[in-house]
Amino acid sequence: MSIHIGAKPGEIAETVLLPGDPLRARWIAETYLQDAKCYSTVRNMLGFTGNYAGERISVQGTGMGHPSLAIYAHELMADYGVRTLVRVGSCGALVDWLPLRAIVLAITASTDSAMNRVRFEGFDFAPAADFDLLRTAYDLAVERDVAAQVKPVASVDAFYSDRPELLQRLADHGVVAVDMETNLLYTLAAKFGARALTILTVSDQIPTGEATTALERERTFATMAELALETVIRSVPHRT
């Protein structure tokens, strides 16, 4: 039983979807998982385990930002033996050609966070997605006629940026969107020898100012959730 999750041994599956919003975790569990049971209500950061297409899958909220994500991802891998983690989150588009609700598969994640620089004593570690998960998600998107973009993202510490010129510079270098968690998720997965992928839905169009509502972010990102679930089912390690 870990400090921040509090689940008993065996209550969490080896494969976990990670929405930032705990209410999105509940929505995914109630909408897609059979026999879903809540294993954690600690700090209202909800976690559920159920079955999807014959496989046992958990969904765990992580909160916003690297420090919060790091707590839950670390405990899932270190204390519960989780081996596959797929973040299902929202992002802000940095380019005007990426519309609201577009899907981004994050191949890499740059960051302005100091957490990895502290971890690696100033060395710039470059975390990346698990290739098998990434390839599977992209192939599924093509099959389903979902226009998923496989692109670099940036994970930033400040939601309200005082440096719009930096966001533009990132866009000029091929970074298409920003979130607040992927860089550290990929880093921790590498540390624990696990697999990780981030699938994002564009919730905000930074260049144009368009945005989805809080309720839409909680409940209407079905394409992302379904793509994540089918990805982990198709790429279960024991299947070939």
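Things to note:
- Remark: PHE48, PHE159 ranked as PHE159, PHE48, counting other beta-carbon atoms within 10 Å and listing the fewest first.
- Per-residue Cβ neighbour rank within 10 angstrom, fewest leading, GLU210, GLU181, GLU121, GLU14: GLU121, GLU210, GLU14, GLU181
- Computed FRET value (nearest 0.05) for ASP79 with ALA211, which takes r as the C-beta separation and R₀ as 45 Å: 0.80
- Amide H within-cut-off set for ASP157, under 5 Å, with H built and near neighbours excluded: ASP112, SER113
- With a simple spin-label model that places each label point 7 Å from the Cα along the Cα-to-Cβ direction, the separation between ARG163 and ASP112 comes to 0.4 nm.
- Once you divide the Cα radius of gyration of region 1-65 by 2.2 N^0.38 Å, the number left is 1.00.
- Ranking of SER90, SER155 by count of other Cβ atoms within 10 Å, fewest first: SER90, SER155
- D (Stokes-Einstein, µm²/s), Kirkwood Cα radius, region 131-230, 0.692 mPa s at 37 °C: 216
- Value of D in µm² per second that Stokes-Einstein yields for region 24-95, Kirkwood Rh from Cα pairs, at 25 °C (0.890 mPa s): 187
None of the figures in this text is laboratory data; all of them are computed from the coordinates on show. Because the structure is a prediction, the values reported are computed rather than measured. Backbone-built Cβ (ideal geometry, glycine too); neighbour counts: all protein chains shown.
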